[in-house]
Amino acid sequence: MDISQLIQNISIMALPILFAITLHEAAHGYVANKLGDPTARHLGRLTLNPIAHIDLIGTILLPLFMLFTTGGTFIFGYAKPVPVNSMNFKNPERDMAIVAASGPGINIILAIISGIIFHIIIFLGPMININNQAGFILTTILVPVALMLKKSVLLNVLLAVFNMIPIPPLDGGRVIVGMLPRDLSYSYSRIEPYGILILMALLFLDPFKTLSRIMWPVVSFFVNLILGAVLL
């Protein structure tokens, strides 16, 4: 990938990644606060300011590394986890599951909103007269915005699907822990210290690409559903 292509990819992906990760973490904190746990609010994490959620490795270095190595075909990142104290909940198991599900949920909502705006731009495109100055300026603005919205759909769906993998400490694992009977929930939660190692093995050491074979059909289904006939 040449330097100009790299800069173009970064400029198109930077805002969608920041929005996706920031809203994901803010949603956890907001829902936890509504359910009785003010921990995130007291730590200033109920904000849409990405600086409060940025993790140097997960939000900046890892996405850049994957952009270099995959050319933009697969980008992944994460933010600083929002602290949640389940002891403040009336129903800790149920409420933790709701808090966990809120992150992927907001990503799906953001993907749908991005898709709607994307389709509006595509619909309005042929009506813009690029032969006059106003039309040229408008087109110059709308084209990169449309590209960012398209990437926003993909990145948000990917983030939602990845986080719903039922392995603690991912959100899907926490949802499962909150839904299981207490004995099974406790046993399943003991996977959490090894969860990241399991995920790293599935991502980078699995010769059969098990995780990709499971994830990509789901991701493709939702992206195609939102974008319609528009190609990725």
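For segment 4-52 and segment 182-232, what is the separation of their C-alpha centers, rounded to whole Å?
Using only Cα atoms, the two centres lie 21 Å from each other.
Within the accessible area of the chain, what % is carbon and sulfur when the probe is 1.4 Å and the other protein chains stay in place?
Values: 9500 of 13170 Å².
It is 72 percent, rounded to a whole number.
Please compute, for the alpha-carbon atoms of segment 167-232, the extent along each of the three principal axes and give them in descending order in Å.
46, 28, 14
For LYS151, give me every one of the lysines with a C-alpha distance below 25 angstrom, ignoring sequence neighbours fewer than eight places off in its own chain.
Leaving aside lysines fewer than 8 places away in the same chain, those within reach of LYS151 are LYS80, LYS209.
Helix by helix through the chain, keep the DSSP H runs that span 27 Å or more along the axis on Cα and average at least -0.5 on Kyte-Doolittle, and give those back in order. Don't jump to the answer; show the numbers that get you there.
On the way: long enough: 3-34 (45 Å, 0.83); 92-124 (48 Å, 1.57); 133-163 (45 Å, 1.64).
For the chain, where a helix must reach 27 Å along its axis and average at least -0.5, the hits are 3-34, 92-124, 133-163.
Kirkwood hydrodynamic radius, computed over distinct alpha-carbon pairs, for segment 121-229: how many Å, to one decimal? Can you show the working numbers first?
Details: mean 1/r = 0.0586 Å⁻¹.
Result for segment 121-229 stands at 17.1 Å.
Under 15 Å from the Cβ of ASN107, count the other residues' Cβ atoms, weight Lys and Arg +1, Asp and Glu -1, and hand me the total.
Numbers: positive: LYS151; negative: GLU25, ASP171.
Net charge around ASN107: -1.
Counting heavy atoms of the protein chains only and a 1.4 Å probe, report the per residue accessible area for the chain as a whole number of Å². Before the final figure, lay out the partial values.
Values: 13170 Å² over 232 residues.
Computed with neighbouring chains in place, this is 57 Å² per residue.
Where does each of 91-104, 44-57 land if you order them by average Cβ count within 10 Å, highest first?
Numbers: 91-104: 20.2, 44-57: 15.1.
Descending packing order for the listed peptides: 91-104, 44-57.
How large is the helix-only mean residue ellipticity at 222 nm for the chain, computed as the sum of -39500 (n - 2.57) over DSSP H runs with n ≥ 4, divided by its residue count, in deg cm²/dmol to the nearest 500? Don't skip to the end; give the middle numbers.
Working: 9 runs with 153 residues, N = 232.
Taken over the chain, the calculation gives -22000 deg cm²/dmol.
For the chain, take every pair of Cα atoms, bin their distances at 10 Å starting from 0, and report each bin as a whole percent.
8, 28, 34, 20, 8, 2, 0
The values are calculated or read from the model by the stated rules, or taken from the named source; none is laboratory data. Here the structure is a predicted model, which is why all the values come from computation and not from measurement. When we count neighbours, we look across all protein chains shown, and the Cβ atoms used for this are built from the backbone with ideal geometry, even at glycine. Side chains included, ligands, DNA and RNA excluded: accessible areas come from the protein's heavy atoms. Shrake-Rupley method; radii C 1.70, N 1.55, O 1.52, S 1.80 Å.
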